[in-house]
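Written below as structure tokens is the structure these notes are about.
The values are calculated or read from the model by the stated rules, or taken from the named source; none is laboratory data. Treat the numbers as computed from the prediction; the structure is a model and nothing was measured. Here the Cβ is made from the backbone with ideal geometry for all residues, glycine too, and neighbour counts use every protein chain on show. Protein only, heavy atoms only, side chains kept; ligands, DNA and RNA dropped before computing areas. Shrake-Rupley method; radii C 1.70, N 1.55, O 1.52, S 1.80 Å.
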Amino acid sequence: MSAIGSPPFGQETVETAIGPTKTMVLNMGPQHPSTHGVLRILLELDGETVLKAIPDLGYLHTGIEKSCEDKTYSQAITLTDRMDYLNPLGNNLVYCLAVEKLLGIEVPKRAQYFRVLMVELQRISSHLVWLGTHAIDMGAMSVFLYCFREREEILKIFEFVAGQRMMTSYIRIGGLALEPPTGWVERVEKFLKMMPGRIDEYESLLTGNRIWLGRLKGVGVMSAEDAVAYSMTGPTLRAAGLAHDVRKAFPYSSYEEFQFDVPTRTEADCFARYLIRVAEMRESLKIVRQAIDKMPAEGPFRTEAPGIIPPDREKMKTEMEALIYHFKIFTEGFAPPPGEAYASIESPRGELGCFIASDGSPKPLRCHFRSPSFINLQALPKLVEGQLISDVIACIGTIDIVLGDVDR
């Protein structure tokens, strides 16, 4: 253990009320293969006070970036779903935006609006999982059941639209995988009508709850200066007072046409991060409402790019050229010109970026993701040092780490 720090980790002597004593090293995790369960943190403790914390990664390493480099550009989309399993559609989107930039192709407006609608529903779904699991961490069982009840309605919409509940691979290079089915508007409208009251219900249970306040308020404070120094993004940064949101700063998929607020707080603690995510769910509902209103009733759902974008299935039945293109795209892939491209989006956890380098072959030369969970996790020692051991759970929870996003 001596390689971890100097003096050797766990060998420091501290003064206590009954005299000098040595600190204790405790392994927190890994226990369970989901979300922050597979994270191991080495804690050095003086009683119940954390003196030092070192995150130990790699327990869920998937090798997704290197796997993408062994697939054609279209095949790699299914891998991005699994990188952050609470934001599959967002992962699809950032990857496709990078490839589209590399190819120099424009996505039809109808597809852009529908992409926005789907990723905002995904944001709500992700925040619901966060709120429910964090509530369990803090001892509130009922909220978990309520949040998953509403998440189930979102997953039903995804299944209706894409044929899959979670790993949809619905956003594709050039547009969407499938034409939105008849009846999707009614299903989304039903959710929009129901959801605001459910968010009110969560807040009535938690926001003024004395136990909830005692566990979160004043815990894990991260100043704006420190958050910037650690390159943190997302709700953790906005809870420190900085209104940075990629959707506003560097709009993509027509976000510049949508009206929404970027919620901020100044308390910069765990409770502020909770309030930010609740407010973001309400803003996402506004964006979904606007996306429905903007959506053209008819129009292409993917761009026309022979040899790159699969042709319409009806054309394949009547045109030999379309059938040949389809066969070649899915067997050989397409070859973008040599070059590099970077795209970023605002994921539920912060700025998610994708870098693609092409050497002119049908497979990426380099594929790298700037995953927000990995970046945000490096600030964990700053958050927990000086806190009680029970507060470590609150701090881990409120920076919303997804280990698939860390160990990609």
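Being touching an Asp or Glu at 6+ places or on another chain (Cβ under 9 Å), assigned to a helix (DSSP H, G or I) and among the hydrophobic types (A, V, I, L, M, F, W, C), is that true of even one residue in the range 167-178?
No - not one qualifying residue is present in the range 167-178.
Please verify whether the range 73-85 includes one or more residues that are aliphatic (A, V, I, L, M) and more than 17 Å from PRO362 (Cβ to Cβ). Don't jump to the end; show me each part of the working.
Keep residues of the range 73-85 that are aliphatic (A, V, I, L, M), which gives 76-77, 79, 83.
In the following step, the residues that additionally are more than 17 Å from PRO362 (Cβ to Cβ) were identified as 83.
Scanning the range 73-85 turns up at least one residue that is aliphatic (A, V, I, L, M) and more than 17 Å from PRO362 (Cβ to Cβ).
Which of the numbered conditions does LEU131 fail, given that it passes all the others? Conditions: (1) crowded, with 23+ Cβ neighbours inside 10 Å; (2) within 15 Å of LEU86 (Cα to Cα); (3) modelled with pLDDT under 95.
Here LEU131 clears every test but (3).
Considering only residues that are surrounded by fewer than 13 Cβ atoms within 10 Å (Cβ to Cβ) and on the phi > 0 side of the Ramachandran plot, which ones fall in the range 165-216?
The one that is surrounded by fewer than 13 Cβ atoms within 10 Å (Cβ to Cβ) and on the phi > 0 side of the Ramachandran plot: GLY183.
Filter the helices (runs of 4 or more DSSP H) completely within the range 219-320 down to those with at least 2 residues that are at pLDDT 95 or above and open to solvent by 20 Å² or more (accessible area, probe 1.4 Å). So that I can check it myself, show each step before the final result.
Numbers: elements: 224-229, 235-238, 246-249, 270-294, 313-318.
Passing ranges, in order: 224-229, 246-249, 270-294.
Which pairs have Cβ atoms under 9 Å, sit 6 or more apart or on different chains, and link a residue in the range 303-325 that is touching a residue at least 24 places away in the same chain (Cβ under 8 Å) to one that is in a helix (DSSP H, G or I) and among the aliphatic types (A, V, I, L, M)?
Pairs found: THR303/ALA111; ALA305/LEU103; GLY307/ILE329; ILE308/LEU103; ILE308/ILE329; ILE309/ILE329.
I'd like the full set of residues that are in a helix (DSSP H, G or I) and in contact with a Pro (Cβ under 9 Å, 6 or more places away or on another chain), limited to the range 321-350.
If we filter the range 321-350 for residues that are in a helix (DSSP H, G or I), which is where we start, we get 321-331.
Once the filter is applied, which keeps residues that are in a helix (DSSP H, G or I) and in contact with a Pro (Cβ under 9 Å, 6 or more places away or on another chain), the range 321-350 yields GLU321, ALA322, LEU323, TYR325, HIS326, ILE329, PHE330.
Output the number of residues of the range 367-384 satisfying the condition of being in a helix (DSSP H, G or I), farther than 15 Å from THR233 by Cα, in contact with a helix residue (DSSP H, G or I) (Cβ under 7 Å, 6 or more places away or on another chain) and open to solvent by 10 Å² or more (accessible area, probe 1.4 Å).
Of the residues in that region, 1 qualify.
Say whether the condition of being closer than 27 Å to LYS328 by Cβ and either part of a strand (DSSP E or B) or in contact with a strand residue (DSSP E or B) (Cβ under 9 Å, 6 or more places away or on another chain) (or both) is met by at least one residue in the range 51-64. I'd like the intermediate steps shown before the answer.
Residues of the range 51-64 closer than 27 Å to LYS328 by Cβ: 64.
Among the residues that remain, those that are also either part of a strand (DSSP E or B) or in contact with a strand residue (DSSP E or B) (Cβ under 9 Å, 6 or more places away or on another chain) (or both) are: 64.
Yes, the conditions are met somewhere in the range 51-64.
Considering (1) within 28 Å of VAL185 (Cα to Cα); (2) over 25 Å from the mean Cα position of the chain (by Cα); (3) aliphatic (A, V, I, L, M), say which one MET281 fails and leave the rest.
Here MET281 meets the rest and fails (2).
Look at the range 65-87 and say how many of its residues are under 22 Å from GLN164 (Cα atoms), open to solvent by less than 30 Å² (accessible area, probe 1.4 Å) and among the charged types (D, E, K, R).
2
Go through the residues of the range 88-95 one by one and say whether even a single one is open to solvent by 10 Å² or more (accessible area, probe 1.4 Å) and either in contact (Cβ under 8 Å) with a residue 60 or more places away in the chain or assigned to a strand (DSSP E or B) (or both). Explain how you work it out, then say what you get.
So the first thing to find is which residues in the range 88-95 are open to solvent by 10 Å² or more (accessible area, probe 1.4 Å), and the list is none.
No; the residues of the range 88-95 include none that is open to solvent by 10 Å² or more (accessible area, probe 1.4 Å) and either in contact (Cβ under 8 Å) with a residue 60 or more places away in the chain or assigned to a strand (DSSP E or B) (or both).
Tell me which residues, restricted to the range 351-393, are among the charged types (D, E, K, R) and in contact with a strand residue (DSSP E or B) (Cβ under 7 Å, 6 or more places away or on another chain). Let's see the steps before the verdict.
Of the residues in the range 351-393, the ones among the charged types (D, E, K, R) are 351, 359, 363, 366, 370, 382, 385, 391.
Matches in the range 351-393: GLU351, ARG366, ARG370, GLU385.
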